[in-house]
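The values are calculated or read from the model by the stated rules, or taken from the named source; none is laboratory data. Owing to the predicted nature of the structure, the values given are computational and were not obtained by experimental measurement. Here the Cβ is made from the backbone with ideal geometry for all residues, glycine too, and neighbour counts use every protein chain on show. These area figures cover heavy atoms from the full protein model, side chains too; ligands, DNA and RNA do not enter into them. Shrake-Rupley method; radii C 1.70, N 1.55, O 1.52, S 1.80 Å.
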Amino acid sequence: MRIGIDLGGTKTELIALDESGKTQLRLRKPTPAGSYTETIALIRMMVLQAESELQCTASVGIGTPGAASTRTGLMKNCNSTCLNGRPLQQDLELALGREVRISNDANCFALSEAVDGAARDANVVFGVILGTGVGGSIIAHRQVLEGINRIGGEWGHNPLPTPAADEQPGPACYCGRYGCIETWLSGPGMSRDHDRITGNHLTAERIAQLAGEGDAACAQTMARYLDRLARALAGVINILDPDVIVLGGGLSNIDMLYEQLPLRWGPYIFSDSVSTSLLPPMHGDSSGVRGAAWLWGQ
């Protein structure tokens, strides 16, 4: 039995999968606000509760909003800031009395889709998160490629490729640079671009909806977004050449992405043909917690 835990800022979710990947148990609890020690205690309690109900001892994998530093082993880049600077893996292993595997939430999303989701038959998968931020992950032969610096797949903080004159230097990014892919392709990035051109603030989901209903200004915003996303994904394809790209996050629900992007990325890709598939997630919001369970392989 494999237990996966998705440690979110507001909720912590646990899933238990059997050998075939079938869900045997789900638990969901509010994440303690701002308390590291209470977070450790919550995860321990949820694991012990699940094992008691299932009458077994399970492997434990955890998806986190950040990553452990390769230099210090301490957590970094977590939007749940109480985790930053803490030895999360070591403390969880001490609390549970066993080895625990940890990876960031983008890796868990992509791993889930590569193991038994939309990309289950692919050798190389690039998982994309398009939401309040832009994240990514590389899965090769059902294994996460974290990289020596544990930033494998973090395409969101590369510059937007081949920027037009009005895209330079680009919006300021929290990382300290300008014009990062995330500043253009996140949900807030799309909203900001629409506001910049029209003076009208709308959410990304609303822009996509109105574009589909024939609103000219929203259709133009979507056209700009699609071209930028096509350029950004073309850069990934040129370097990684994945079999499949799976989209996740809130913007992955925009249907036109799957139709339009393969029609737009060709001119930016160094090949006479492109066989990479672009797919929505099979497991939706459950991919992260399922991928945490699959950190223990098959």
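If the condition is being more than 15 Å from residue 82 (Cα to Cα) and either among the charged types (D, E, K, R) or modelled with pLDDT under 95 (or both), then the range 35-53 contributes 44, 51, 53. Screening residue 275 on (1) hydroxyl-bearing (Ser, Thr, Tyr); (2) at pLDDT 95 or above; (3) in a helix (DSSP H, G or I); (4) open to solvent by 20 Å² or more (accessible area, probe 1.4 Å) shows it passes everything except condition (3). Is one or more of the residues making up the range 207-221 touching a Leu at 6+ places or on another chain (Cβ under 8 Å) and closer than 29 Å to residue 64 by Cα? No, because not a single residue in the range 207-221 is touching a Leu at 6+ places or on another chain (Cβ under 8 Å) and closer than 29 Å to residue 64 by Cα. For the range 148-180, the candidate set comprises residues that are among the hydroxyl-bearing types (Ser, Thr, Tyr) and in a loop (DSSP other than H, G, I, E, B); within that set, the residue that is modelled with the lowest pLDDT is 174.
The set of residues in the range 213-262 that are among the aromatic types (Phe, Trp, Tyr) and under 16 Å from residue 162 (Cβ atoms) contains only 225. Checked against (1) over 15 Å from residue 288 (Cβ atoms); (2) touching an Asp or Glu at 6+ places or on another chain (Cβ under 8 Å); (3) buried (at least 16 other Cβ atoms within 10 Å of the Cβ); (4) of a type outside the set (Asp, Glu), residue 57 passes all but a single condition, namely (3). The set of residues from the range 137-161 being touching a Gly at 6+ places or on another chain (Cβ under 9 Å) and polar (S, T, N, Q) comprises 137, 143, 158.
Here residue 151 fulfils each of the conditions (1) within 22 Å of the chain's Cα centre (by Cα); (2) surrounded by 16 or more Cβ atoms within 10 Å (Cβ to Cβ) apart from (2).
Listed by first and then second residue, the pairs with beta-carbon distance under 8 Å, at least 6 apart or on different chains, first residue in the range 82-108 and at positive phi, second of a type outside the set (Lys, Arg), are 85/74; 85/75.
Yes/no matrix, rows are residues, columns are (1) in contact with a helix residue (DSSP H, G or I) (Cβ under 6 Å, 6 or more places away or on another chain); (2) part of a helix (DSSP H, G or I); (3) open to solvent by 50 Å² or more (accessible area, probe 1.4 Å):
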position: 206; (1), (2), (3): no, yes, yes
position: 214; (1), (2), (3): no, no, yes
position: 217; (1), (2), (3): yes, yes, no
position: 225; (1), (2), (3): yes, yes, no
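Please find, within the range 177-211, the residue that is nearest to the chain's Cα centre (by Cα) out of those that are under 16 Å from residue 134 (Cα atoms) and among the small types (Gly, Ala, Ser). Once the filter is applied, the top-ranked residue is 186. Filtering the range 93-124 to residues that are at pLDDT 95 or above, open to solvent by less than 40 Å² (accessible area, probe 1.4 Å) and of a type in the set (Asp, Glu) leaves only 113.
If the condition is being of a type outside the set (S, T, N, Q), open to solvent by 100 Å² or more (accessible area, probe 1.4 Å) and not in a loop (DSSP other than H, G, I, E, B), then the range 250-272 contributes 259, 263, 267.
Among the residues of the range 65-86, is there at least one that is open to solvent by less than 50 Å² (accessible area, probe 1.4 Å), of a type in the set (Val, Ile, Thr) and closer than 26 Å to residue 134 by Cβ? Within the range 65-86 (the criterion being open to solvent by less than 50 Å² (accessible area, probe 1.4 Å), of a type in the set (Val, Ile, Thr) and closer than 26 Å to residue 134 by Cβ), the answer is no, since none of the residues qualifies. Filter the range 154-203 down to residues that are of a type in the set (Asp, Glu) and open to solvent by 20 Å² or more (accessible area, probe 1.4 Å) and give me whichever is farthest from residue 109 (Cα to Cα). Out of the qualifying residues, it is 166. One residue alone among 127, 135, 61 is in a strand (DSSP E or B), at pLDDT below 95 and closer than 21 Å to residue 286 by Cα, and that residue is 135. Scanning the range 1-54 for residues that are assigned to a loop (DSSP other than H, G, I, E, B), under 20 Å from residue 294 (Cα atoms) and open to solvent by 60 Å² or more (accessible area, probe 1.4 Å) gives 1, 19, 20, 22. Can you work out which of the residues in the range 20-36 that are touching a Ser or Thr at 6+ places or on another chain (Cβ under 9 Å) and polar (S, T, N, Q) is farthest from residue 10 (Cα to Cα)? My answer is 23.
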